[in-house]
Every structure is written in C-alpha cells, then in structure tokens.
There are 2 protein chains.
Amino acid sequence: MATIIVPKRISIRDDAEALRKACKGLGTDEKAIIEVLGHRNAIQRRQIRQAYEQIYEEDLIKRLEKRLSGDFERAVCRWILDPADRDGLLANSELRESSDEHSVLVEISCTRSSEELMGIRRAYHARFKRSLEEEVADHTKGDTQKLLVALVSAFRYDGEEVNAKLAKSEAKDLHEAIKDKKLNTDDVIRILTTRSKLQLRATFNFYREEQDASINKNLPNKSKNEFLETLCITVRCLQDPKKYFEKVLRDSIKRFGTDDDALTRVIVTRAEKDLKEIKDLYYKRNNVRLEEAVDKHTRGDYEDMLLTLLGSEV
Amino acid sequence: MATIIVPKRISIRDDAEALRKACKGLGTDEKAIIEVLGHRNAIQRRQIRQAYEQIYEEDLIKRLEKRLSGDFERAVCRWILDPADRDGLLANSELRESSDEHSVLVEISCTRSSEELMGIRRAYHARFKRSLEEEVADHTKGDTQKLLVALVSAFRYDGEEVNAKLAKSEAKDLHEAIKDKKLNTDDVIRILTTRSKLQLRATFNFYREEQDASINKNLPNKSKNEFLETLCITVRCLQDPKKYFEKVLRDSIKRFGTDDDALTRVIVTRAEKDLKEIKDLYYKRNNVRLEEAVDKHTRGDYEDMLLTLLGSEV
C-alpha cells in the first residue's frame, strides 16, 4: 500500500499556479512546494508538469532545480518524474559512478514488474538515446556483466504457472553451486535471470526445506567480491522485495551521516507502491517507527518532504 | 510496402458469415476462405475472428484447422493470427524441433522492431506461460545459448543517434575476431546483441571500407558449426533484412521439393510489411518473378493462398 495522502479533489491548474508562486521572486516557498507535490500521485504530477509548461512556457523541473538545493532538491526532482523515467535516471546515475556497487540496477530489474521494467527500458531510450542493456554492458565486465545484462534485459513471465519439479531440481542446482563455491556459472545466472518470480520463490522454498536455511543465509554475504555481492542482492530482491527495502532503509539510517541517496531512493520509489508494508516491517525489526528515524536523522525541508511522502502531517 | 490487396470497404460480419458458410456442411469452400482472409489486414482478421466467435460461439482457427490440411492449412492458420502471436508460435515451433538450426529465432529477434519484439515476448507469455528467453535458454547451450538469449532479450535503441567513433572501433574489434577466428567472445556477442541497428549498420559500413569486403562475405559461411551459423544469420538479418528474406525465399524454392515452411513463413510474415521490396530483389537476383516461381513450385489452394498474399489475382 501507498503512504502518500492525496486529497479527493485537486485542481491541476491551481497546483501549477501555486508552484509558480512558490518559485517566483526573491525567496522560495519550500513548504508550499511540499504541500502540493508531496500530496499528488504520478498521473497528477505529470499533469501538473504539463500544465506548468503550457502556462509558463518553462520546464517545472528546471525551475525547481534552480530554486532548490541538496537532498531536498534531489528528493523533489526525483519524486516529480514519471516512475519509469525516474528508474532510468537512477540506473544511469549508478552506471556513471563506475563503482563495484550495483544495487540500484539489481533493485530496478528485480523488484519492478516485467511491464514496468519494459517501460523503464523505453524511457531510457528516450532520455539517453541508448539502450539500458548496452550501457550496462559498456560499464561492467566479466561475470558481473553477464548477470546484470541478463537482469536488465529480462521480461519474466509473470503469470501464476509454477513448475514444482523444475523448482525442486533448480533448488538442488543452486545448492550444489553454493556448496562448491561456483556461483558464476551460466546455469546459476540463467536460473536467476530467466525464471518467473513465482517460480523462483518456489525454488527458494524448496531450498529452505531441503537445507534447513534460506538461500540468502547460505550465500557468501558481504564478500567484497563484485559478482558475489551483486548476486546476493539479486537473490534478496527476488526472494522478498519488501524485506530487501527495509534493510536498505535500515542501513541508510544506520550509516554514519545517513546514506541520503538510498533513503531518498527507497522512499520516493515506494511511496506510491508498498511503503506502508515496508514501514511496518521496519517497525517490527527496529522497534522504532520509520518516521521517527527519519525525523532524527534528517533535517529541514528535506525531512519535511520525506515525512510527507511517508504519510505524516508535517 | 505490403503486397496484400485490401478492398476499401468490407463488412466484418459478412466476412465471418462467409467463412462460416465456407466451412459448413460436407465440403469446404477453400476459394471463399482465400477470397476473404487473403484480402484482409491484421486488424481486420482479428475483428473477423472476434465476430466469428461471438456469432457462432466457436474459435475460427479451430474450425479451420479441422477443415483444412497440409501446407494450405498452415498458411491460412498462420496468416490469420496477430503478428506478435504468430511470431511467438513460429519461435516455439523451432524450439520444439530441438535442432541446430535457429534461423527463425534470429529472424524474429533481428528483423522485427524493438517494440514488435517486445510484443512477441508478451504474446509468448500469454500463449505458453513461460518467457521466450527462458525457453531459448532451456533448449540451447554454450555460445549459441549466450547469443540467442541475448538476441531475444534485446530491446535495442531504435532512434537515429549513431556514434561514428564507436562504430569504427567496433568494426575493428569484429575484424580482429574474424581474423583470429575467435567469434564466440563476450565482446562480439555484446556488440551484435546490444547495439542499435543503425549503429551496427555504421559499424558494418566501416568494416567494408577498411576491409574492402562486407563482413558477411568474411564470415565463415556454411560452417556446419551451430554457433557460427547462428552468428552469420544474425549478421545478415541485421545488415539487410530484405536481402536476407530474398535469400530465404530463393533457398526455399531451390530446395528439392521446396521448403514450404520457410516459403510460407516469409510470405505470411512479410506480406503486410515489405514483401513488395523483397519481390523486387528476388526478380533482380533471379530474373524470374517470385509469383512465377511460387506458381511453378506449389499447387492447389496453397498456391492460390500464397499468390493472393503476393498480390496476384488468382
């Protein structure tokens, strides 16, 4: 369930005008920006952007980028985008960092639906004039490249049919691979990148039954090996996306200074999806409400924006 | 340009009724079936199928399958399908044959537009309850698997931006690979499966300029090696799809007894697309009109159906 609170009646034109007023003249009225954008869904935000462009012949995002700064700017400008375009942008940002860390790419390719991932690839073409898979291939190498290119290129079957016999046999294959410490095989990559999510959950369940431990626990976690780390995130995202997002939030807040990029990303991308359940998981795990943690670790307009997306009255 | 001739005004209901009449009682009126279906475009055929189902509470394709037989049945039943669904079916048929021959898969993944290929993958889910890429992975192995899975999973950028520097450098990479007879590398597969078609054509042009021969000529043709053969078809489909289709037609007719599967496939899948240009190429290359060749090598209702799709009055 979503966490954002959207009023029953809104006027797109009034919203565009309120935003113009908030971004005109000497000062900027950040509160007004949060009041409008923090309470609108993706379709409404798109309409507001279009209306703003029509009335003022100016791109609203460019105006906001000029007026706002830091984490607050990033949160607002990411939030305002179409989800598919935003995911393409997030993927591209991670690629441009050229680090060994690929959690955003894995997250985007494993926690979105098949049609959503397709939409992201389409949006990527439009914005970057290249395909997502070719960019991934250009920025990675070896086994990590194989895994990531296959993940972003997948269009998994998302129906209900599950083949139990296959799940059992592939659970065994995965167990063998973990036991022999040979996880970079074509077979492991094929299983994780082509099977449907329901099929993989059946496979992971068989694994747990047979081995008396979840596959996630048996994988070499925090291995400082680029491929293995990417593989672990893949399994976690496929096994239980909400649990995965809870952990990203927890880690982002636990980190010294807070990892605002990750915190913003999860809140912005899940606020219209399943942030309610992620919040519940967070409370269960940490005995602290996510809102309290955000309140403690962030400040000012940025804090207000995140809390608004989390469904708090600020 | 398409070759089929569609009358300006048609009545979907009349068409459904004519087909019912042609498939009712003791005999079957094949001429009437060709007269209707051979002159309707994809949208009209879908509407006719829907209308038929509504009026007679029966699947038109099932009825036709019962009434018709052999190559004629196959041509009509393939023709009547939505193009994306038909391509999914063609891919599946080839996969179930479990041979070393993968030209249909390559053809479908390299000569359709990115959005068309996406639609085929979607139709594949609906019909087979699995993803196309997982079926390809299950039925192939080694380098051929790598190439084919990447080909069917591709969503190539299809805009106009071309990077000439990149094309030049990748033309060199391809030349090195051909020279060293090492075509099964990750790099060769990456180039052929992720770059946009325009980018690849620029690459192939640079290759020709530098080597004074087309890449197609320099590849080890007819090598009886599964991977190399698949790779050659890939290059030919990407380089010049119409030329590729002309050759498939030529080979299918040249073969002893005619390869009706290939002949039907190309005519049925291109009749609404570019069969006009393929016909022109055929004439240029063989000094015989494609219609004459079809007339000479096929018979009966099957012949009439193909000639109708080729735009002849039969």
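The values are calculated or read from the model by the stated rules, or taken from the named source; none is laboratory data. This structure is a prediction, so every number in the text was calculated from the model and none was measured. FYI the Cβ positions are ideal-geometry reconstructions off the backbone, even for glycines, and counts take in every protein chain you see. Note: areas computed on protein heavy atoms with side chains; ligands, DNA, RNA excluded. Shrake-Rupley method; radii C 1.70, N 1.55, O 1.52, S 1.80 Å.
A few notes on this one:
- Given (1) more than 12 Å from every other protein chain (Cβ to nearest Cβ); (2) under 14 Å from A:F155 (Cβ atoms); (3) open to solvent by less than 10 Å² (accessible area, probe 1.4 Å), number of the condition B:A137 does not satisfy: (1)
- Apart from one condition, A:E292 fits all of (1) of a type in the set (D, E, K, R); (2) within 23 Å of A:R86 (Cβ to Cβ); (3) modelled with pLDDT of 95 or more; the exception is (2).
- On the stretch given as the stretch B:1-35, residues that are aliphatic (A, V, I, L, M) and more than 17 Å from B:D59 (Cα to Cα) total 9.
- The residues of the stretch B:294-306 that are under 20 Å from B:V36 (Cα atoms) and part of a loop (DSSP other than H, G, I, E, B) amount to a single one, B:R299.
- Taking the criterion of being in a helix (DSSP H, G or I) and not aliphatic (A, V, I, L, M), the residues of the stretch B:30-47 that qualify are B:E30, B:K31, B:E35, B:Q44, B:R45, B:R46, B:Q47.
- Scanning the stretch B:163-172 for residues that are open to solvent by less than 70 Å² (accessible area, probe 1.4 Å) and either on the phi > 0 side of the Ramachandran plot or not small (G, A, S) (or both) yields a count of 2.
- On the stretch given as the stretch B:48-100, residues that are in contact (Cβ under 8 Å) with a residue 12 or more places away in the chain and not in a helix (DSSP H, G or I) total 6.
- Test: residue in the stretch B:144-159 that is within 18 Å of the chain's Cα centre (by Cα), closer than 30 Å to B:D82 by Cβ, more than 9 Å from every other protein chain (Cβ to nearest Cβ) and open to solvent by 10 Å² or more (accessible area, probe 1.4 Å): no
- Conditions (1) within 12 Å of another protein chain (Cβ to nearest Cβ); (2) surrounded by fewer than 17 Cβ atoms within 10 Å (Cβ to Cβ); number of the one not met by A:I191: (2)
- Residue check, A:T298 under 22 Å from A:E97 (Cα atoms) and touching a residue at least 40 places away in the same chain (Cβ under 8 Å): no
- Here A:A202 fits the description: more than 9 Å from chain B (Cβ to nearest Cβ), open to solvent by less than 50 Å² (accessible area, probe 1.4 Å) and of a type in the set (A, V, I, L, M).
- When residues of the stretch A:112-131 are limited to those that are crowded, with 22+ Cβ neighbours inside 10 Å and more than 8 Å from every other protein chain (Cβ to nearest Cβ), the one farthest from B:F128 (Cα to Cα): A:Y124
- Contact annotation: residue pairs with Cβ atoms under 9 Å, 6 or more positions apart or on different chains, pairing a residue in the stretch A:135-160 that is at positive phi with a partner that is open to solvent by 10 Å² or more (accessible area, probe 1.4 Å) and not hydroxyl-bearing (S, T, Y), are A:G142/A:N184; A:G142/A:E226; A:G142/A:F227; A:G142/B:D186.
- Some residue of the stretch B:290-313 being over 17 Å from the mean Cα position of the chain (by Cα), within 30 Å of B:H139 (Cβ to Cβ) and not assigned by TED's automatic domain parsing to the domain that holds B:G38: yes
- Any hit, the stretch A:180-188, residues being open to solvent by 30 Å² or more (accessible area, probe 1.4 Å), on the phi < 0 side of the Ramachandran plot and either within 12 Å of chain B (Cβ to nearest Cβ) or within 22 Å of the chain's Cα centre (by Cα) (or both): yes
- Subset of the stretch B:13-29 (residues that are in contact with a Lys or Arg (Cβ under 9 Å, 6 or more places away or on another chain), open to solvent by 20 Å² or more (accessible area, probe 1.4 Å) and not in a loop (DSSP other than H, G, I, E, B)): B:R20
- Screening B:V266, B:V188 for residues that are touching a helix residue (DSSP H, G or I) at 6+ places or on another chain (Cβ under 9 Å) and within 21 Å of B:T144 (Cα to Cα) leaves exactly one candidate, B:V188.
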